[in-house]
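Worksheet: the structure to be examined is printed underneath.
The values are calculated or read from the model by the stated rules, or taken from the named source; none is laboratory data. Remember, predicted model here, so these are calculated numbers, not experimental data. When we count neighbours, we look across all protein chains shown, and the Cβ atoms used for this are built from the backbone with ideal geometry, even at glycine. Ligands, DNA and RNA are stripped out before the accessible areas are found, and what is left, the full protein with its side chains, is counted by its heavy atoms. Shrake-Rupley method; radii C 1.70, N 1.55, O 1.52, S 1.80 Å.
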Amino acid sequence: AAAAPLLAITDLSVTYAGSIAALRGISLQVPRSGIVALLGANGAGKTTTLRAVSGLLGWHRGRIGGGDVRFDGDSIAALGGAALVRRGIAQVMEGRRIFAELSVEENLRLGAFTRHDVAGVRRTLEEVLEQFPILRERYRQAAGYLSGGQQQMLAIGRALMAGPKLLLLDEPSLGLAPIIVQQIREVIRRIADNGVAVMLVEQNADMALSLADHGYILENGRIALEGTGAALKADPAIRELYLGIV
Ligand code: ATP
């Protein structure tokens, strides 16, 4: 149905091997366009939520203990990473994870590993280089020589090479200077304006809530609060807990 959300997580519980429950029955939705932010303290379950959507739980010896994850109407809880990329889910993991010895071009092309439409890949590559001029300038250089901010642009560009419907971003502002964070913020805004739905995990609550159409606050593996980005940003408890403003 056209009105169905792109991503619907329902009553999802996740447990890691030898550990307590990381998610205890969370429900959240990402519409077909716009930005949804996921906030919360260290260990609240933000990264685990992204892993459950991108098929990476198994790599971390995590498993879904209950509930469901539906994308485009289908349950994807049993699918692995490559199948999910093919369906339209791309993730930028925390810490960027670019291949330092490979060139910028090679890193970008790896992002299209599931695609066989040569003309389409060429078109997406041109769009990505259009959007990140610095990547065109450094096209043949080893990615390890890029600055932290440039590596984050490369990681986002690589994810876009998959041609996703949904882009998962795990702490894209982490460790970056304020001026670079500002650039990343504009990049995320532009990606959403181009029609890619974005799910954004951030410690930087100020950045996340100013971008987000809707936000969820995770606490101890549960959704403690949700609302529009503006409403959460105006909420006194949120301001005190996450924005450091009393
Ligand atoms: P952070 O900002 O620190 O990444 P987070 O909100 O993303 O925090 P998660 O990384 O999802 O939180 O962690 C949720 C819970 O699951 C925590 O208690 C954490 O210790 C645990 N956890 C996360 N990854 C693993 C793993 N690979 N094995 C065992 N436990 C894990």
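Please give the net charge around S173, taking every other residue with its beta carbon less than 15 angstrom from that of S173, where Lys and Arg add +1 and Asp and Glu add -1.
-2
Can you list residues from other chains, or at least 5 along the same chain, whose modelled amide H is less than 5 Å from the amide H of Q91?
Those qualifying (amide H under 5 Å, at least 5 residues apart or on another chain) are L168.
Counting only other residues whose beta carbon sits under 14 Å from that of A37, what net charge do I get with K and R as +1, D and E as -1?
Summing Lys/Arg as +1 and Asp/Glu as -1 gives -3.
Using the charge dipole of the chain (Lys, Arg: +1 at Cβ; Asp, Glu: -1 at Cβ; taken about the Cα centre), state which of L84, G148, A8 has its Cα farthest towards the positive end.
Positive-end residue among those listed: L84.
Expected output is a single nm value to one decimal: the length gained when fully extending between L102 and R32, i.e. 0.36 nm times separation in residues minus the C-alpha distance. What is it?
Stretched out fully, the L102 to R32 stretch lengthens by 21.8 nm.
Could you size up the charge dipole of the chain around its Cα centre, putting +1 on the beta carbon of Lys and Arg and -1 on that of Asp and Glu, and report it in debye to the nearest 20?
Using only the charged Cβ atoms, the result is roughly 480 debye.
Starting from the Cα of H60, step 7 Å along the direction of its Cβ; do the same at Q203; then give the gap between the two resulting points in nm.
With each label point 7 Å from Cα toward Cβ, the separation is 1.5 nm.
Along Cα→Cβ, 7 Å out, is where each label goes; now give me the distance between the ones at L174 and E94 in nm to one decimal.
0.4 nm
Quick one: compute the contact order of the stretch 152-246, relative version, from alpha carbon pairs under 8 angstrom and 6+ residues apart, as a percent.
For the stretch 152-246, the relative contact order is 21 percent.
Over the stretch 50-144, what percent of the accessible surface lies on carbon and sulfur atoms, probe 1.4 Å?
That share works out to 51 percent.
What list of ³J(HN,Hα) values in whole Hz, one per residue of the stretch 195-209 in order, does the Karplus curve 6.51 cos²θ - 1.76 cosθ + 1.60 (θ = phi - 60°) give from phi, with Gly and Pro shown as x?
Whole-Hz 3J(HN,Hα) from phi for the stretch 195-209: x, 9, 5, 10, 10, 10, 9, 8, 7, 6, 5, 4, 4, 5, 6.
Could you work out how much longer the chain between Y145 and H116 gets when fully extended? Use 0.36 nm per residue separation minus the Cα distance between them, nm to one decimal.
Gain on extension, Y145 to H116, equals 7.5 nm.
With the Cα gyration tensor of the chain in hand, give its eigenvalues times 5 under a square root as the equivalent ellipsoid semi-axes, listed largest first in whole angstrom.
Largest first, the chain gives 28, 22, 17 Å.
Tell me, what % of the accessible area of the stretch 145-187 is carbon and sulfur with a 1.4 angstrom probe?
Taking all protein chains in place, the stretch 145-187 shows 59 percent carbon and sulfur surface.
Need the full-extension length gain, A234 to S210, defined as separation in residues times 0.36 nm minus the C-alpha distance. One decimal, nm.
Residue separation times 0.36 nm, minus the Cα-Cα distance, leaves 7.6 nm.
Please work out the average accessible area per residue across the chain, using the 1.4 Å probe convention, and give it in Å².
Averaged over the residues of the chain, the accessible area is 46 Å².
Using C-alpha positions alone, give me the convex hull volume of the stretch 1-80 per residue in cubic angstrom.
87 Å³
Considering the zone a paramagnetic label at Y16 would reach in this model (a point 7 Å from Cα along the Cα-to-Cβ line), which residues of the stretch 79-116 have amide N under 15 Å from it?
It comes to 94, nothing else.
What fraction of the DSSP beta bridges in the chain is antiparallel, stated in percent and rounded to the nearest 5?
Expressed as a percentage, antiparallel bridges in the chain total about 55.
With viscosity set to 1.567 mPa s and temperature to 4 °C, compute the Stokes-Einstein D of the stretch 52-160, Rh being the Kirkwood radius across alpha carbon pairs; µm²/s, no decimals.
86 µm²/s
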